[in-house]
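The values are calculated or read from the model by the stated rules, or taken from the named source; none is laboratory data. All of these numbers come straight from a predicted model, not from anything done at the bench. No Cβ is skipped: glycine too gets one built from the backbone with ideal geometry, and neighbour counts run over all protein chains shown.
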Amino acid sequence: MSYQTIQQLVNGLSLDKLTKVPFHKRIPTSVPTQYRPHSYWQGEGVPVIGTVPTNGKANGRVCTNSTDGAVLGIPSNAYLASSSVGQQTSSVATGTLMLVDKISDINLNHNEATGSLTGLDATSRLAAGAGAHIWIEAITTLGASSNTFTLTYTNQDGTGSRTTPNIVTIGSAIQGKSVLTNAAYTFAPLQDGDVGVRSIQSITLVSGSSTGTMLISLVRPLVTWLIPAIGYGSNREELFSAAPLPAISSSACLAFLWFPFSAAGMGISAGSLNFITD
Amino acid sequence: MAVTTAAGIYSEFALNGQHIMFGKANVVSTGNTWATSWAAAGLPGAGTGTSTGKANGATCSRSTAGSIWYNNPRAGRRLYVVGATITGSGNGALTLVDRLAHVTLAQNEATGSITGVTGTARLDSASAGNNMEGGQILVEVASVLGAGDNVFTIGYTNQAGTASRVTPQFTLTGGTAVSRIIPVSGLCYIPLQDGDRSVRSIDAITLVSGANTGGTFTVSLVRPILDVPWVANIPFDRDYVGEQCLLPEVIADSCLYFVGVPTGSSFNPWGVLRFVDV
């Protein structure tokens with residue numbers, strides 16, 4: 001059953017169907033770039049530092065709850081009932097934390113040559129008609145100059161040969177930081193009329209030869225929390241925020257993105273994800 | 001719309017909902033004085049005006065620097081704000097607006113016709129009778145004004161398509177800082193000629209008195225979309241489907257940003273907007 005009423009939720013709680021899963025993560029760098037999104041994937045903590053696949057267009061992979069970096073302990077047939085998060089070290093570090101299901105990723109060179117991609121596919125955890133978003137972070141620090149490329153993908157409806165607008169990277173992006181130079185983008189823009197991506201088939205290098213490596217991930221945003229400052233937690237009851245409760249696949253690779261609103265050094269984000277099962 | 005129930009909207013959000021993070025740098029204001037986040041750094045980055053001059057009016061879109069970025073609705077669908085979580089320093093009230101078009105003028109801009117400030121691409125037909133026929137006139141300081149007041153009126157075409165309408169006089173107060181909105185009797189928008197309720201295009205400006213120079217101001221045609229109060233360090237979740245029954249619509253290609261009135265001297269909204277197309 002999916003939980004759609006408070007009565008159903010209370011009944012589930014009374015039957016001890018709640019599982020609390022803690023987390024305690026930081027981004028790879030102690031000094032994020034203000035106003036630019038970052039990923040926790042390659043940062044220390046609980047869960048452990050996330051791995052990246054072998055570099056190359058042929059090495060895309062599907063990420064699961066067994067992938068190093070994924071939040072551990074998610075029960076089967078789970079829904080996210082509530083959560084509580086905060087940050088621990090800085091009195092002035094503020095920002096927005098986003099929980100995503102990191103479904104698939106691929107490790108490419110910043111100046112990856114044009115060609116087909118294999119294995120960057122999110123369909124195994126997407127319902128019919130659903131799509132993911134394209135998140136791109138630096139693995140190794142990018143070269144000082146920017147490059148421009150496009151991605152050709154299949155959209156939320158299964159229509160192929162869709163192409164992103166030019167994706168321009170930001171030179172010298174550090175590990176974990178979004179590589180998108182446009183200050184308006186969290187995720188890569190899509191072809192107009194699309195709202196999601198099911199798989200990515202190829203990359204086209206439009207211009208540039210700057211080096212470094214980048215991780216392109218297909219992610220599904222699940223929850224966002226505002227972290228105002230140390231001492232201020234953020235609690236959400238999902239039933240009243242986005243009824244019905246978000247269903248979480250038992251193979252979900254749960255990971256975090258961080259948008260630093262303040263310029264202060266980022267502390268550790270920590271908290272608890274509270275799942276209720278059928 | 002394809003979906004007509006709250007449950008249907010929530011289900012669509014679970015498939016392809018957009019979680020749009022944003023955060024704008026502090027705009028130092030005066031308590032209880034309107035200000036705009038348009039030119040502030042952040043996510044999205046800073047927006048600008050046009051080249052100075054009455055002939056340089058331009059329409060704005062989601063691709064205009066300064067606009068919050070989002071995916072347009074799919075063909076045959078409409079895009080709605082279904083939720084928001086917002087906070088900031090201090091307390092105050094925000095309005096999410098669509099910046100339809102704008103033009104930057106000199107502090108002592110001579111009387112004459114204005115070209116290019118029209119919003120009809122994202123407005124319903126004249127006299128549609130649904131409050132979507134027109135926008136409002138917003139005047140903000142683009143570069144700090146020199147000493148001394150100048151007085152203007154603005155000529156426009158109203159919601160019914162009637163031209164040669166004229167606003168009451170308003171004062172461009174000398175010394176006003178960047179990103180302050182020129183208020184009239186504490187209001188955010190320039191009042192209209194008696195009997196009018198909205199504006200389809202801004203057509204002319206008349207310098208009534210004063211010859212003070214030194215700064216510039218931008219006249220924008222905006223369509224208010226959503227009002228959101230904020231409280232310092234308390235990120236309230238708002239559900240515009242089941243909780244407030246509002247469903248504010250975002251017209252495709254809207255140029256989105258915030259204006260607001262802080263109770264104190266800080267104006268720096270940040271948080272997340274939740275959109276879905278149905």
Review point. What number of residues within the stretch B:143-188 satisfy the criterion of being modelled with pLDDT of 95 or more, surrounded by fewer than 22 Cβ atoms within 10 Å (Cβ to Cβ), of a type outside the set (S, T, N, Q) and in a strand (DSSP E or B)?
Key: 5
Practice item. Among the numbered conditions (1) small (Gly, Ala, Ser); (2) under 28 Å from residue A:277 (Cα atoms); (3) modelled with pLDDT under 85; (4) in a loop (DSSP other than H, G, I, E, B), tell me where residue A:73 comes up short. Key: (3)
Check your understanding: With (1) modelled with pLDDT under 95; (2) of a type in the set (S, T, N, Q); (3) within 30 Å of residue B:144 (Cβ to Cβ) as the list, and residue B:56 as the residue in question, which single condition is left unmet?
Key -> (1)
Exercise for review: Kindly list the number of the only condition in (1) within 11 Å of chain B (Cβ to nearest Cβ); (2) buried (at least 21 other Cβ atoms within 10 Å of the Cβ) that fails for residue A:149.
Suggested key: (1)
Practice item. Could you figure out which of (1) within 14 Å of chain B (Cβ to nearest Cβ); (2) out of contact with any strand residue (DSSP E or B) (no Cβ under 9 Å at 6 or more places or on another chain); (3) at pLDDT 95 or above isn't true of residue A:127? Key: (3)
Check your understanding: Restricting the first residue to the stretch A:218-237 and requiring it to be assigned to a strand (DSSP E or B), which pairs with a second residue that is modelled with pLDDT under 70 and acidic (Asp, Glu) meet a Cβ separation below 9 Å and a spacing of at least six or different chains?
Key -> A:223/A:238
Review point. Mind checking which residues of the stretch B:230-247 are surrounded by fewer than 17 Cβ atoms within 10 Å (Cβ to Cβ) and farther than 20 Å from residue A:261 by Cα?
Key: B:242, B:243, B:244, B:245, B:246, B:247
Review point. In the stretch B:28-45, what residues are at the interface with chain A (Cβ under 8 Å from one of its Cβ atoms) and either out of contact with any strand residue (DSSP E or B) (no Cβ under 6 Å at 6 or more places or on another chain) or surrounded by fewer than 24 Cβ atoms within 10 Å (Cβ to Cβ) (or both)?
Key: B:41, B:42, B:45
Revision key, fill the gap. Within the stretch B:4-27, residues small (Gly, Ala, Ser) and either touching a residue at least 60 places away in the same chain (Cβ under 8 Å) or touching a strand residue (DSSP E or B) at 6+ places or on another chain (Cβ under 9 Å) (or both) come out as B:6, B:8, B:14, B:17, B:23, B:25
Revision key, fill the gap. Output for Cβ contacts, cut-off 6 Å, separation at least six or different chains, first residue farther than 10 Å from residue B:269 by Cα in the stretch B:228-242, second modelled with pLDDT under 80 and part of a loop (DSSP other than H, G, I, E, B), reads B:233/A:228; B:240/B:246
Study note, to complete from the structure: In the stretch B:259-271, residues that are in a strand (DSSP E or B) and crowded, with 24+ Cβ neighbours inside 10 Å total 5
Study note, to complete from the structure: Across (1) part of a loop (DSSP other than H, G, I, E, B); (2) over 19 Å from the mean Cα position of the chain (by Cα), residue A:173 clears everything bar (2)
**Study point:** Single unsatisfied condition, residue B:74 versus (1) in contact with a Ser or Thr (Cβ under 9 Å, 6 or more places away or on another chain); (2) basic (Lys, Arg); (3) facing chain A (nearest Cβ under 10 Å)
**Key:** (1)
Point to revise | Residue check, residue A:49 among the β-branched types (Val, Ile, Thr) and without any contact (Cβ under 8 Å) to a residue 60 or more places away in the chain | key: yes
Practice item. Please go through the stretch A:159-181 and pick out each residue that is under 22 Å from residue A:31 (Cβ atoms) and either within 14 Å of another protein chain (Cβ to nearest Cβ) or buried (at least 22 other Cβ atoms within 10 Å of the Cβ) (or both). Key: A:169, A:170, A:173, A:176, A:177, A:178, A:179, A:180, A:181
